[in-house]
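Data first, discussion second: the structure below is written as structure tokens.
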Amino acid sequence: MSEDAGLRLMHVHAHPDDESSKGAASTAMYVAQGVDVHVVTCTGGERGSVLNPNMDRPEVLENITEIRRAEMEAAREILGVTQDWLGFVDSGWPEGDPKPPLPEGCFGLVDVEVGAEPLVRLIRSFKPHVMTTYDENGGYPHPDHIMCHKISMEAFEAAADPTRYPDAGEPWQVLKLYYQHGFNRPKAVALHEAALELGIESVFGERLKEWKPDPAWDARVTTKVPCAEYFPVRDRALIAHATQIDPDGFFFQIPMDLQQRVWPTEDFELVKSFVESSLPEDDLFAGIR
Ligand SMILES: [Zn+2]
């Protein structure tokens, strides 16, 4: 048995594919160390658009829910995680100005206490030492990502409280809670500059023109987990979500060795902790091991 056997990590994500695009390399690393990693997926991704031109076919669109389930199964195998669905329905990305109202019954509209209940149940049965979710803006402002944040915060607090959700299992105190900070601007700048230095085309040029510096936001990162060795596993898991990921898309145009050299970490913000650990950290289990 590995020295890390017995440690448990829970990631709460909005859609199938988020577990592969956020924190997936550190997930694979922790799995390799013997940590049990459980992914909770709030919605089925029913309203996600098909983002891979090769998969944009009528028969794919007609069976999108089943296809996304099968994609998730493949990603789960690649990452070595277990997973549960909370069973809520994708809100879709509201397009238009003004934005249209969210579709009736979607995850973005659920009452937070109702949405948190199945998550409290999973926390109390899986008993994670560490949990991750999105920041208060959802990481990006998709209504399902914002709701994922809200129910995670509620469930993190409530799972430990014997007076809350008394029918949802024995209380469990998660020791640390993190926000995912995978897509940060300093990382984009570092990859952009390294690409230019090597004389290769940078995929970040246009993006960085729109993306204004926000040092206070960037300073919220407390924890950088070195996991470059597992970037290829992350990419395989991403590609398993074939309807959502274009293998010729911008992300895969950044050379792997450049990513591994320039930004070898996945980044997180510690927001709640019941253990002592000194910041900055390089391990989600600092203070727990
Ligand atoms: Zn998502």
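Some values worked out for this structure:
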item	result
Loop sites in the stretch 111-169: GluC sites (Glu not before Pro), DSSP, at most 16 other Cβ within 10 Å	Glu136
Long-range amide H partners of Cys42 with built H, under 5 Å	His13, Ala14, His15, Leu86
Simple spin-label estimate for Met256 and Ala219 in nanometres, 7 Å along Cα-Cβ	3.8 nm
Stretch gain in nm, segment Glu157-Tyr140, where the contour uses 0.36 nm per residue and the Cα spacing is subtracted	3.8 nm
Exceeding the 22 Å Cα-Cα cut-off - candidates Lys187/Lys212; Lys176/Lys224; Lys127/Lys187; Lys22/Lys150	Lys127/Lys187
Sparse-neighbour loop sites [trypsin sites (Lys or Arg not before Pro); the stretch 1-65; at most 12 other C-beta within 10 Å; DSSP]	none
DSSP bridge orientation in the chain - percent antiparallel, rounded to nearest 5	30 percent
Mean shadow area of the stretch 89-235, taken as a quarter of the surface of its Cα convex hull (nm²)	12.0 nm²
Fewest-first sequence of Val50, Val39 by Cβ atoms within 10 Å of each Cβ	Val50, Val39
For Arg47, distant residues with modelled amide H under 5 Å away	Asp90, Gly92
Relative contact order of the chain, pairs being alpha-carbon contacts under 8 Å that are 6 or more residues apart, as %	24 percent
Three principal axis lengths of the stretch 1-91 [C-alpha, angstrom, descending]	49, 26, 18
Sequence-distant residues sharing a close amide H with Thr223 (under 5 Å, placed H)	Phe268, Leu270, Glu281
The chain: calculated mean residue ellipticity at 222 nm from DSSP helix runs of at least 4, using -39500 (n - 2.57)	-11000 deg cm²/dmol
Karplus 3J(HN,Hα) series, Hz, for the stretch 234-250 with 6.51 cos²θ - 1.76 cosθ + 1.60 (x for Gly, Pro)	3, 5, 5, 5, 4, 5, 4, 8, 4, 6, 9, 10, 8, x, 9, x, 4
12 Å reach of a label modelled at Leu198, 7 Å along Cα-to-Cβ, counting backbone N of the stretch 236-253	253
Convex hull (Cα only) mean projected area of the chain, reported in nm² to one decimal	16.1 nm²
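Readers should treat all values here as calculations from the given coordinates under stated rules, not as data from a laboratory. Here the structure is a predicted model, which is why all the values come from computation and not from measurement. For neighbour counting, all protein chains shown are included, and Cβ atoms are generated from backbone atoms with ideal geometry for every residue, glycine included.
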